[in-house]
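Here is the structure we will look at.
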Amino acid sequence: MQPLIELKSVSKTYGSGKKRFQAVTDINLTIQKGESFGLIGESGSGKSTLAKMLIGLEPPSSGTIELAGKPLWEGDKFKPQRPGEMQIVFQDPQSSLDPRMTVKEIILEPLYALSAGERKQKGSMERLQQLITRVGLKTDQLSRYPHEFSGGQRQRIAIARALITEPKFVILDEPTSALDVSVQANVLNLLKELKHEHQLTYLFISHNMSVIRYMCDQTAVMYKGEIVETGPIEDIFQHPRQAYTKTLLSSLHPLQAAGVNQAENHSNELSP
Amino acid sequence: MSVQTELLPAKRTVNPLWYKFRKNPLTLVGLVVLLFIILLAIFVPLISPYEPTKIHVVERFSPPSAKHLFGTDEVGRDIFTRILYGARLSLGMGVAVVLSAGVIGTAIGAVSGYFGGRIDQIIMRLMDIVLAFPSLVLAMAVAATLGPNLFNALLAIAIIKVPVYVRLARAETLALRERLYVKAAYTFGIKPWRIITRHIIPNAVTPVIIQVTLDIGDAILMVATLGFLGLGAQPPTPEWGAMISVGWKYLLDYWWYPTFPGLALFLASCGFNLIGDGIRDILDPKANR
């Protein structure tokens, strides 16, 4: 089967001469349709740079990135086949929502990249209300502004915004690390449920091992811009081959692991 | 404890904006003065029995009295009436000039800052050229070249005001371009035109508003200056600068003729400046006073 996302020897360097910095080195990665692919690594390991190259914010210095067999970049120009096919949920919901727009405007905004007909169809009031209630907000909150919401609610708005275009592939760039621990589990469960309902493919970026383990079925471990290990999630957790992965795993506090189990149970209670 | 809290008087609800405005007495003075002038200017046909341009030679140079509050000029026109008709003109033009410069400058600055590169370089160097001249000299040159009338004076002042807004909006845009919500809009595939109009400009507008209110007083002075030099409104239009220009020759014999238009000019530009300061303090509390 053709992979949904394929990265072939992708590298990214910033600056030149003495200031030259290699953020990402020779990444090869495939993400199959329907997968939830986890990307683990400490801060500065190049995870976010990878996400930026996928979503069009930074061109790769070399290598190719393909979505469903079509290259996303032509040189320095980002050329996605269809707008709205890929979406991203950023880490910080404080700054990723335009403070001068209402929730309704924010959620509908990605549709302005589509054709007028598609915009009308996907931006119907009915669909909007359905989506906003699905992510756990009330329809009468649509006319409010972002500053009136808590961090968790804002992230829900950002998730609704990412789903309005009916994307195939969603990048989640540490979607819960800016949130309170108590809210994290709820948002993770929502993301998990939405993935099944909309047959989404996720790239889930996190430095939190337990979150990745809870969310993903495939994973790659990044260290200093390189992928040091990749494979099914349980393989990596049970039989880490690389020294770095072992270090990462040993940093995982037993209590944290227990917390994830709780969240898992919690989700089981919620889902029918 | 709970009993005590119940005994506290009910909280008075004060509009926070009005509260901040009230705390600044000078702003309030400016507001009162301006409102006074504006109201008088609006209702001048009801207040004054005279017409601003009707000549009545018999009563020329009558000193201030109950009949002619600020006296009359060299052809017997009531100065009080002319000042108030002049207020319509000066205030209206001051606001119009600065608003148009603000709108045009912000649009250019946002485009320049968003796209960067060569477009940005060209626009900013053009603005530097405009800024390199002393503003009054340039305004005079433009007005004189285009021909001395009110509209050309307006155009000249707008031209010299635009670069200020271009720079302001550009600086603001450069900062906003790095904000996550603007980058997010970019990742959706939104076209630059919509990003600029929907995300950049609405978020860059606060410093522009502050600059507009601070500039109106200056623009009113500028209109009067061009009028004084004969490059703006032409007689018999009741424009403050033009009135002073004719009147100052009579200062020693008929002191009231140039004095009252000058006073009106002073009050209006002062009023706008005080309000501008107040609005800046409200919208941008971090700015140095």
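The values are calculated or read from the model by the stated rules, or taken from the named source; none is laboratory data. The model shown is predicted, which means the values in this text are computed figures rather than measured ones. Glycine also receives a Cβ, built like all others from the backbone with ideal geometry; neighbour counts cover every protein chain displayed.
A few points about this structure:
- As a summary of the residue check, residue B:235 satisfies the conditions (1) touching a residue at least 40 places away in the same chain (Cβ under 8 Å); (2) more than 10 Å from chain A (Cβ to nearest Cβ) except for the one numbered (1).
- Summed over segment B:15-68, the residues that are touching a residue at least 40 places away in the same chain (Cβ under 8 Å), in a helix (DSSP H, G or I), of a type in the set (A, V, I, L, M, F, W, C) and over 17 Å from residue B:271 (Cβ atoms) give a count of 2.
- Out of A:132, A:159, one residue alone is within 14 Å of chain B (Cβ to nearest Cβ) and hydrophobic (A, V, I, L, M, F, W, C). It is A:159.
- All positions within segment B:141-150 that are surrounded by fewer than 18 Cβ atoms within 10 Å (Cβ to Cβ), under 16 Å from residue B:222 (Cα atoms) and at pLDDT 90 or above: B:141, B:144
- Here residue A:53 clears all of (1) part of a helix (DSSP H, G or I); (2) more than 19 Å from the chain's Cα centre (by Cα) except the condition numbered (2).
- Just one of the listed residues (A:171, A:157) is in a helix (DSSP H, G or I), crowded, with 22+ Cβ neighbours inside 10 Å and not small (Gly, Ala, Ser), namely A:157.
- Qualifying residue in segment B:155-166 (condition: in contact (Cβ under 8 Å) with a residue 60 or more places away in the chain and surrounded by fewer than 20 Cβ atoms within 10 Å (Cβ to Cβ)): no
- Any hit, segment B:117-140, residues being in contact with a strand residue (DSSP E or B) (Cβ under 8 Å, 6 or more places away or on another chain) and buried (at least 16 other Cβ atoms within 10 Å of the Cβ): no
- Each residue in segment A:196-217 was checked for being surrounded by 19 or more Cβ atoms within 10 Å (Cβ to Cβ) and among the charged types (D, E, K, R), and 1 pass.
- Positions within segment B:169-201 being of a type in the set (A, V, I, L, M, F, W, C), within 8 Å of another protein chain (Cβ to nearest Cβ) and free of Cβ contacts under 8 Å to residues at least 12 places away in the same chain, in sequence order: B:180, B:184, B:188, B:190
- Residue check, residue A:78 at pLDDT 90 or above and hydrophobic (A, V, I, L, M, F, W, C): no
- Single residue of A:11, A:62 found to be touching a Gly at 6+ places or on another chain (Cβ under 7 Å) and of a type in the set (S, T, N, Q): A:11
- Selection from segment A:56-79 of residues that are among the aliphatic types (A, V, I, L, M), within 14 Å of chain B (Cβ to nearest Cβ) and in a strand (DSSP E or B): A:67
- Residue count, segment A:61-72 (criterion: out of contact with any Ser or Thr (no Cβ under 7 Å at 6 or more places or on another chain) and not acidic (Asp, Glu)): 7
- Flag if residue A:39 is in a helix (DSSP H, G or I), within 14 Å of the chain's Cα centre (by Cα) and either away from chain B (no Cβ under 14 Å) or crowded, with 23+ Cβ neighbours inside 10 Å (or both): no
- Pairs with Cβ under 6 Å, 6+ apart, first in segment A:80-99 and within 14 Å of residue A:203 (Cβ to Cβ) and at the interface with chain B (Cβ under 7 Å from one of its Cβ atoms), second of a type in the set (D, E, K, R) and outside any loop (DSSP other than H, G, I, E, B): A:90/A:173
- Selected residue (only one of A:44, A:84 is of a type outside the set (A, V, I, L, M), within 16 Å of the chain's Cα centre (by Cα) and in a loop (DSSP other than H, G, I, E, B)): A:84
- Within segment A:100-110, the set of residues being surrounded by 18 or more Cβ atoms within 10 Å (Cβ to Cβ) and at the interface with chain B (Cβ under 9 Å from one of its Cβ atoms) comprises A:101, A:106, A:109, A:110.
- Only residues that are in contact (Cβ under 8 Å) with a residue 12 or more places away in the chain and surrounded by fewer than 12 Cβ atoms within 10 Å (Cβ to Cβ) were counted across segment A:1-28, and they come to 2.
- For segment B:214-229, the condition holds for at least one residue, the condition being that it is under 30 Å from residue A:100 (Cα atoms) and surrounded by fewer than 21 Cβ atoms within 10 Å (Cβ to Cβ).
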